[in-house]
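The structure under discussion appears below in the form of structure tokens.
Where a number appears in this text, it was derived from the coordinates with a stated rule and is not lab data. Since this is a predicted model, take the numbers as computed values, not measurements. Note that we place each Cβ from the backbone using ideal geometry, even for glycine, and neighbour counts take in every protein chain shown.
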Ligand SMILES: NC(=O)N[C@@H](CC(=O)O)C(=O)O
Ligand SMILES: [Zn+2]
Ligand SMILES: [Zn+2]
């Protein structure tokens, strides 16, 4: 008989862009309705580079959290060549900073202040190893002569392997893995190495962006690769291997900025991610591995307890409907379309019922 219901611990999102201001206010309720915690990416303009900026950003997030929602933003710092190890130590030891994010300069949205010469951050990586705070990595080289579809694989070889070797104690998360190379890199590492995988990279390959017309709402970075890579990601995510966990990389941009001659990178999926993932895991006969991917492997890597709250997932005959776009004062944001109807829904289980 096909399974139509399951109860799991509430998911967390280990890679999320909430932005700021009106956009933050528009998108936060979708995350806080679905997830208990999220790693908040620091690529604001200007970026969140110091502990005091992260503190202020955390307050701006909590100020617009809808009444009745319980959600914990896990704050990160944006690494630059000028990051002060003493500030990192202070932020981590105070409990405010959960991770630091490495953006190669020019690799993605708002990465201009990121790192050009990776050796310049080695002293900070030393401090991070000492205070045991994870390094989160946007893993793409930016060299103009490297094909965009190869940029992740080349980064692993040229930049991340040396870091992995030099700092064996450092916990490293390769964010938004898009290739079989990334999966192999994580599996081959001796220890303390994990990867987040997004919902959309489990569902689309590069044809979604380019076949039958250019589709800006499927464009993100790292760009989706060919089908063999998508299948490798699916295999890793649904395998139960604790080194792989969910980071939606939900990254809202106003539609006018994506539907442009030079459209920006990012896919917005917070609102329907859990529904999409239940579909994916069911399709692969791996519903029993969903909880690990969404709710257990991430906390274990981050040395946090899994959530006590549970959600009940159930499959309905009629598809669940989601808005195509969400509104915010300056326009709309298009919601990720998996290309098929979604029949899985979920609800929070009341605490007493879960006990
Ligand atoms: N993933 C994306 O395509 N975009 C992200 C940045 C990032 O995570 O690289 C964004 O901030 O818009
Ligand atoms: Zn990124
Ligand atoms: Zn991201």
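Brief remarks on what is shown
- Cα-projected label distance for residue 351 with residue 62, points at 7 Å along beta-carbon direction, nm: 1.8 nm
- 10 Å binning of all Cα-Cα separations within region 12-306, expressed as whole percents from 0 upward: 6, 30, 39, 22, 3, 0
- Computing FRET efficiency as 1/(1 + (r/R0)^6) for residue 214 and residue 330, where r is the C-beta to C-beta distance and R0 is 30 Å, gives about 0.80.
- Computed extension gain for residue 148 through residue 169, at 0.36 nm per residue and net of the alpha carbon distance, reaches 4.5 nm.
- Based on Cα contacts under 8 Å between residues 6+ apart, region 220-355 shows a relative contact order of 27 percent.
- Relative packing of 141-149, 92-100, which averages over residues the other C-beta atoms within 10 Å, highest first: 92-100, 141-149
- Among 217-223, 283-289, the order from most to least packed when residues are scored by Cβ within 10 Å on average: 217-223, 283-289
- Relative contact order (%) - criterion: Cα under 8 Å, at least six apart; region: region 100-173: 35 percent
- The calculated 222 nm mean residue ellipticity attributable to helices in the chain amounts to -8500 deg cm²/dmol, summing -39500 (n - 2.57) over DSSP H runs of n ≥ 4 and dividing by all residues.
- The modelled label-to-label distance between residue 105 and residue 303, using points 7 Å beyond Cα along the C-beta direction, is 3.2 nm.
- The distance between label points at residue 228 and residue 94 comes to 4.9 nm (points 7 Å beyond Cα on the Cα→Cβ vector).
- Of 300, 195, 224, the residue with the greatest mean-square motion in the GNM of the chain, using alpha carbon springs below 10 Å, is 300.
- Once C-alpha pairs closer than 8 Å and six or more residues apart are averaged by separation and normalised to the residue number of the chain, the relative contact order reads 19 percent.
- Region 258-330 and region 204-237 have their alpha-carbon centroids 17 Å apart.
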